[in-house]
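The values are calculated or read from the model by the stated rules, or taken from the named source; none is laboratory data. Keep in mind that what you see is a predicted model, and the values were worked out from it rather than measured. Here the Cβ positions follow ideal geometry from the backbone for every residue, glycine too, while neighbour counts run over all protein chains shown.
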Amino acid sequence: MGKNVVQKILDSHIVEGKAQAGQEIGIRIDQTLTQDATGTMAYLQFEALGFDKVRTDLSVSYVDHNTIQEGFENADDHKYLETVAAKYGIKFSKPGNGICHQVHLERFGVPGKTLLGSDSHTPTGGGIGMIAIGAGGLDVAVAMGGGPFYLTYPKVVKVELTGSFKPWVAAKDIILKVLEILSTKGNVGTVIEYGGPALANLTVPQRSTITNMGAELGVTTSVFPSDAVTREFLRAQGRESSFTEVTADPDAAYERVIKIDLSELEPLAACPHSPGNIKRLRDLNHIAVDQVLVGSCTNSSYRDIMMVASLLKGRRIADGVTMGVACGSRQVLQMVARNGALADIVASGVRILENVCGFCIGNSMAPQTGGVSVRTSNRNFFGRSGTPSADVYLTSPESAVAAALSGRISDPREVFGEIKYPEIPEPEYFDADDSMVFPPAEDPSRITIFRGPNIGDPPASDPCPEAIKGTVTIKVGDKITTDHIMPAGSRLKYRSNIPKYSEFVFEREDPEFSGKALENKKKGIHNIIIAGESYGQGSSREHAAICPMYLGVKMVVAKSMERIHRANLINFGIIPAIFVNPDDYQLFDKGQDVEVKGLRGALEGDGILTLSIYGGTRNVKVTAALTDREKKMILAGGLINATRMGK
């Protein structure tokens, strides 16, 4: 039997384990990327592990998240990142060069290679035919040092695309449709592979929009074949020598095949407060709009910005609407500035935003109280925009412009009527300019790493105790994201200062959590988190594990848990447990005393733990199903401890 694209790439990179669905494998990582919100801790961990240089084919450190520099903290982190990159053999992409995923796709992505990034939207690279996976910074640090990355050998689901788009339907509508079909939960251990005849008409930037937002499905990653379309994109970027064809064999097998006829799609939106809450735009009853924002790593390519410029040219956005546009890279910004499209956008009354993550992570452009914001980004979790009372809708650039011009959430087919749908050809050549990407130092010994006062060492974790004697410090519901656990926005400037950043753990859910957890820790009481389904959705932000660990959290018990967050919990010595009977969730309340005896022995064995509550009068079974490698980490108190013990 032949192989699909996922199998061809993964199988050629396996260094540990067997290519069998559900089994743990270790793979060689060819490339890594970090961004400044997660990168500082990743490189501190790289140093703590004692590596002397990177051992990947390519590692790139990007600054694209915290470029609003109120106070010294962000600027200090950026200088640390620049100097640590120079010393250890890492390329450094300066602030202003663009969003990591957009720049990496343009300048560094190589079909058939593996990419590990400390950002959950690293699967953007799947649009160019890479196995590109988001992970916690510690996993990326290990990969940079030459270690394997471990994952469950995935089930592969094929999404077969046929037909052609009707006018005003876009690539964003494909991934919104997939989200409608598969939802945001229950897809752990799966990779989505796209195929079908419609791929011939989907450009690499369109493909990357789909793989980027595939992160919201909770899958390991998403990937497109590397074909003639891929080759043409690389040629236009001046990188045709990087092309390798990677396509599925005719007799390749899949766990499931989902068929989508593009001619049957219509404009869609993800409605508050989940990327999986999908509705047709024509069914949203013309909701009044206060803000429209185009950009983020999902929809900020040359084609996206040119589409916006074409639709805005000669028009003005509606009174009462604020609109902002952010290009995804300096390359895109330069090209639309030179061809006049940027002037058309400005003339329509739009604000030009910096080519960074910005509004997507909630550190700028927060909507008004109770406002409605239409965005082309990938997440609309509660409060992520910076305004908890706001409603955020996610759409394509075409649909976003329709909202800006009409002042209401509208089907673009209605707004633009008989106007001819713009044809945006791919450039014959992109403006390739890597002058804002710095190579590592030729003589690393001459580099002194800059460390500002906000930068500390990674916090230490204690080995797993013989027993847990603790309390339920918080009980949360379903679909708790890493934004719920560890807020982004303006709080991100403390990411290098764990004691300070830990003050904000669960601040939207329970403002008293941090203080209570730290008090328990000082008294020798273990903290336990009880959660519902799909705990740890969203960002790869490992601070959602580091900071709880610092506060003395020893166990999370949930109905189900997402892949990246589970891995991060294990990396920092927190036991990830799942209810054997999900209904037992109802037995727990905040403040309950909980005891687990024989903990280390149970973890070394089958992972079945007994939680005693109500003074030992009620016992609840949970399972911490760990691989042998994960058992060693948990027992040691995390990956850094386990690595040091192994040396």
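Descriptive notes on the structure:
- Answer from S222, S300, S241, S296 - the residue that is of a type in the set (G, A, S), buried (at least 24 other Cβ atoms within 10 Å of the Cβ) and not assigned by TED's automatic domain parsing to the domain that holds A402: S222
- Subset of the range 611-647 [surrounded by 14 or more Cβ atoms within 10 Å (Cβ to Cβ) and outside any helix (DSSP H, G or I)]: L611, S612, I613, V620, V622, T623, A624, L626, T627, G637, G638
- Within the range 264-286, one or more residues are more than 24 Å from the chain's Cα centre (by Cα) and under 30 Å from K8 (Cβ atoms).
- Taking the conditions (1) touching a residue at least 24 places away in the same chain (Cβ under 8 Å); (2) closer than 28 Å to G489 by Cβ; (3) surrounded by fewer than 22 Cβ atoms within 10 Å (Cβ to Cβ) in turn, L394 satisfies each one other than (3).
- Test: residue in the range 169-182 that is touching a residue at least 40 places away in the same chain (Cβ under 8 Å), among the charged types (D, E, K, R) and in a strand (DSSP E or B): no
- D589 being of a type in the set (D, E), in a loop (DSSP other than H, G, I, E, B), surrounded by fewer than 20 Cβ atoms within 10 Å (Cβ to Cβ) and touching a residue at least 40 places away in the same chain (Cβ under 8 Å): yes
Okay, residues lined up against (1) of a type in the set (D, E, K, R); (2) outside the structural domain of G214 (by TED's automatic domain parsing); (3) under 24 Å from T184 (Cβ atoms):
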position: L353; (1), (2), (3): no, yes, no
position: A366; (1), (2), (3): no, yes, yes
position: T376; (1), (2), (3): no, yes, yes
position: R379; (1), (2), (3): yes, yes, yes
position: P397; (1), (2), (3): no, yes, yes
position: R408; (1), (2), (3): yes, yes, no
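- The range 29-45 - residue that is of a type outside the set (S, T, N, Q) and crowded, with 24+ Cβ neighbours inside 10 Å and, of those, farthest from R451 (Cα to Cα): I29
- Which numbered condition T387 misses (of (1) more than 30 Å from I574 (Cα to Cα); (2) over 24 Å from the mean Cα position of the chain (by Cα); (3) of a type in the set (S, T, N, Q); (4) in a loop (DSSP other than H, G, I, E, B)): (2)
- Criterion: closer than 25 Å to D249 by Cα and assigned to a loop (DSSP other than H, G, I, E, B) - qualifying residue of V219, V191: V219
- Residue ID - farthest from I99 (Cα to Cα), chosen from residues in the range 323-370 that are of a type in the set (S, T, Y), touching a helix residue (DSSP H, G or I) at 6+ places or on another chain (Cβ under 6 Å) and part of a loop (DSSP other than H, G, I, E, B): S348
- Residue selected from the range 450-500 under the condition over 21 Å from H543 (Cβ atoms) and of a type in the set (D, E, K, R), by the criterion surrounded by the fewest Cβ atoms within 10 Å (Cβ to Cβ): E466
- Selection of the range 399-421 for residues being of a type in the set (D, E), in a loop (DSSP other than H, G, I, E, B) and surrounded by fewer than 19 Cβ atoms within 10 Å (Cβ to Cβ) yields only E418.
- Residue that is modelled with the highest pLDDT, among those in the range 83-103 that are farther than 23 Å from G238 by Cβ and under 23 Å from the mean Cα position of the chain (by Cα): A85
- Of all residues in the range 151-162, those that are assigned to a strand (DSSP E or B) have Cβ atoms under 6 Å from Cβ atoms of residues that are surrounded by 23 or more Cβ atoms within 10 Å (Cβ to Cβ) and of a type in the set (F, W, Y), 6 or more apart or on another chain, in V159/Y194.
- Scanning the range 380-391 for residues that are under 27 Å from Y62 (Cα atoms) and at pLDDT 95 or above gives no hits.
- The residues of the range 378-411 that are closer than 20 Å to T203 by Cβ and not aliphatic (A, V, I, L, M), listed by number, are N378, T395, S396, P397, E398, S399.
- Output for the range 225-238, where each listed residue is under 17 Å from A198 (Cα atoms) and surrounded by fewer than 16 Cβ atoms within 10 Å (Cβ to Cβ): A228
- Any hit, the range 159-175, residues being of a type in the set (S, T, N, Q) and either crowded, with 23+ Cβ neighbours inside 10 Å or under 22 Å from the mean Cα position of the chain (by Cα) (or both): no
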